[in-house]
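Here the structure is laid out as structure tokens; the discussion comes afterwards.
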Amino acid sequence: MKKILFAMNIAAALSMTSCTDYFLDLKPTDQQTEANFYKNAKEFEAAARSTYSFYAFKDVSATVNGTKHTRTFGELVDRNADLLTGNGSDCAMASGTKAAGTTDAYWSIGYARIRSCNEVLTKGEEYTGSEDITSSLAVAHFFRAYQYFELLKHFGGVPIVTQPLTSASEELYGTRNSRYEVAKLIFDDLDYAIKYLPNEKNYDGTVSKEGAQAFKSRVLLFEATWEKYVGTTTDGDGTKEGAGTAKPEGYPSVESMLTDAASLAYAVISSGKYELWNAKGTVFEKIAYNYLFNLENENSNPMGFKRNHNKEYILQVAYDHDNNKIGKNVTKVFGGDGNAASAVTIKMMNMFPCVDDGLPYLYSKDYNGYNKLTDLYENRDSRLTSCIKRPGDTYYFYGTNGADASIYAAANYVTTFDFPSTCPVYYPDLRNPGYTGFQNRKFCSEMLNYRDGDEGFNFPVLRLAELYLNYAEAKCELGNGTISDDDLNKSINVLHDRAGSAPISNASVAEANANYQKNTGKVGKMTILELIRNERAVELRNENQRPTDLLRWGVAEEVLNAPRSGMVLKNADGTDTEVVHATYESGGKTINIYNEAAAAYGLETLEDGSQALIINPKSDFNMSRKFYLYPIPQGQIQLNPALVQNPGY
């Protein structure tokens, strides 16, 4: 593989990460420098810890050439997808407004973090001591793979940097490596990590062998399906545009990648190191799912579960209210206070499985239209009922209306309901444009007396549930759209069991299409692969997987160029639904749920003929194949004209 480096100011690169950044867990000393460091295994371990660079709730920044670049956690909220509302700069790719800027945070931060990894790996090559440092080098290999995967997802082929740069580097002005060369480097780095990382032991965010296996499963599935469905359409020729199509020696086939993705996923599933979060056998079984995503301690959930009850997170970033607060308005950004920016759409609501047959709403025998405020909530699995507020029910919300163990004892949502008088009953607010009427609870804290930024729950970089999904999808792709019922029982149906919905089988496809025709009057086109893809959307909602999934399946143009809509206002027969005229009492006043001002963009006709409130009209979106990749920063091209731009920019 050719050695190609990106062009940037070398002095800035060397100052990008200070000694305190490198040696996070050591006491700072004036004498501590790279020259006298890396002398033993303990020092390599400390340096390796400084390469940890997961993108999570806290902002991540790097200063390059005097410019500070920052990635914010707002980019983790399924932006540029179809299941939340949003347009404009928040969804520049889906809106078709993304243009090449002088700089790009993904690019600059990615290469800053890669340099940290390369420093450790280079020192490892120079190390002559007798102590074993392979596990530390494995950490650096892992995070170099992680950062290159981020670059691959955003830009396609990029320059490969495997050594720290110096001002004398001759390779500064080379061309881009192809996406296939980048993918091969990622695979190789992860193979090293899998070989030398220790097994999972602490469940505290430390990367493990199983974590590397799980992450490689994600990367393999991504690249295999990208090559199958997107192919070379975003590659360019590598001369006039793009990074080209060159494949390195030993590059795996699509079939091989899918096989390994399934195999690695099942190896971690079968390892016994992890288990799906649940409250099986207790009265809290139907509400527990939501509390996986805001777990801090026994005061953060009605079950009284402590943080160590979570064995589902395989890769995670750990936070703590006392020592490492998130420091961001996570609860509010994720929609906990009705925030329009993260509003759940009617499309998402329709995707959650129904209890009796495990099928999405419009494909289920449990379909009952949208006339009543609560019709959508009846007979649905717990990923909806525990994570989306139901009209007419009371909920805690962090702050003065929050809860702790003693308050949960009085009102635990299941068997006791003596809520504090200040806790409001939830009703949707459709009086102004921008609100769907579906309020999210996932990643929303209920902690008593918390203020904005006080949250201390962990961020799931990759959890066990995703591996069940990876296994099912890879097996179905290997079967050219078919999968055995046995494999469904090993994967999708494990998640259905946790969520309280019926298992699916191959027979479910015919049942789904028959139900769809009965419910909508139209011919159903459901397949088993589409059911598996539907399951990913449901299980991984708000975990920033949906935008990538739509791209790698090659369906983003079709899916994203559509309205984003909220609650249904008109039944299929043209009559008003309950929401249009519904009211509730608050503070001695009668409040209307809906006002015509909210319908500034009109109504979207759904498959069954019902009409839903449009939040973002179709005209807000102009997704095309061009926007499958980000543009290369123009400043980098000016520094190195050999870096040709991605197609279309």
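The values are calculated or read from the model by the stated rules, or taken from the named source; none is laboratory data. Source: prediction; values computed, not measured. Glycine gets a Cβ as well: all are built from the backbone with ideal geometry, and neighbour counts include every protein chain shown. The accessibility values were calculated without ligands, DNA or RNA, using every heavy atom of the protein model including side chains. Shrake-Rupley method; radii C 1.70, N 1.55, O 1.52, S 1.80 Å.
Averaged over residues, the count of other Cβ atoms within 10 Å places the peptides 354-364, 229-239 in the sequence 354-364, 229-239, highest first. What FRET efficiency do you get for residue 600 and residue 418 if R0 is 56 Å and r is their Cβ-Cβ distance, rounded to the nearest 0.05? Taking R0 as 56 Å, the efficiency between residue 600 and residue 418 is 0.85.
Compute the distance from the alpha-carbon center of region 197-227 to that of region 346-418, in whole Å. Each part's Cα centre sits 32 Å from the other's. Between region 555-573 and region 53-70, the C-alpha centres lie 36 angstrom from each other.
Are any of the pairs 280/518; 123/247; 153/216; 184/525; 216/389; 490/626 more than 26 Å apart by Cα-Cα distance, and if so, which? Violating the 26 Å limit, Cα to Cα: 280/518; 123/247; 184/525; 216/389; 490/626. Site pair residue 586 and residue 527 shows an inter-label distance of 4.5 nm when each label is modelled 7 Å from Cα along Cα→Cβ.
Distance between the pseudo-spin-label points of residue 489 and residue 204 (7 Å out from Cα toward the beta carbon): 4.0 nm.
Carbon-plus-sulfur fraction of the accessible area of region 256-356, 1.4 Å probe, in percent? Accessible surface attributable to carbon and sulfur in region 256-356 totals 46 percent. The Kirkwood hydrodynamic radius of region 400-518, based on inverse pair distances between different Cα atoms, is 18.9 Å. Compactness check for the chain: Cα Rg over 2.2 N^0.38 Å is 0.97.
Sorted on the mean count of surrounding Cβ atoms within 10 Å across their residues, most packed first, peptides 157-166, 36-45 read 157-166, 36-45. Potential lengthening of the chain between residue 75 and residue 497 amounts to 148.8 nm, from the contour at 0.36 nm per residue minus the alpha-carbon distance. Using only alpha carbon pairs under 8 Å that are at least six residues apart, calculate the relative contact order of the chain and give it in whole percent. For the chain, the relative contact order is 19 percent.
Farthest toward the positive end of the dipole of the chain, out of 593, 239, 453, is the Cα of 239, where the dipole comes from beta carbon charges about the Cα centre. Of the residues 111, 302, 392, the one whose Cα sits farthest towards the positive end of the charge dipole of the chain is 111 (charges of +1 on Lys and Arg Cβ, -1 on Asp and Glu Cβ, taken about the Cα centre).
Of the residues 639, 540, 374, the one whose Cα sits farthest toward the positive end of the charge dipole of the chain, with +1 on the Cβ of Lys and Arg and -1 on the Cβ of Asp and Glu, is 639. Summary of packing: across the peptides 393-401, 478-486, the per-residue average of other C-beta atoms within 10 Å ranks them, highest first, as 393-401, 478-486.
At R0 = 22 Å, how high is the FRET efficiency between residue 452 and residue 394 if r is their beta carbon distance? Nearest 0.05 is fine. After rounding, the FRET efficiency stands at 0.50. Set the Förster radius R0 to 22 Å, insert the Cβ-Cβ distance between residue 253 and residue 191 as r into 1/(1 + (r/R0)^6), and round the FRET efficiency to 0.05. Plugging the Cβ-Cβ distance into 1/(1 + (r/R0)^6) gives 0.85. Taken as entire DSSP H runs, the helices of the chain that both span 18 Å or more between Cα atoms along their own long axis and average 0.0 or more on the Kyte-Doolittle scale are 134-155, 254-270, 464-478. Mark the label point 7 Å from the Cα of residue 607 along Cα→Cβ and return the residues of region 517-548 whose backbone N is within less than 14 Å of it. Flagged as within label range: 517-535. Would you compute, from DSSP H runs of 4+ residues alone, the mean residue ellipticity of the chain at 222 nm, taking -39500 (n - 2.57) per run and dividing by the full residue count, rounded to the nearest 500? One gets -9500 deg cm²/dmol as the mean residue ellipticity at 222 nm.
Taking the Cα centre of the chain as origin and assigning +1 to Lys and Arg Cβ atoms and -1 to Asp and Glu Cβ atoms, the resulting dipole is close to 640 debye.
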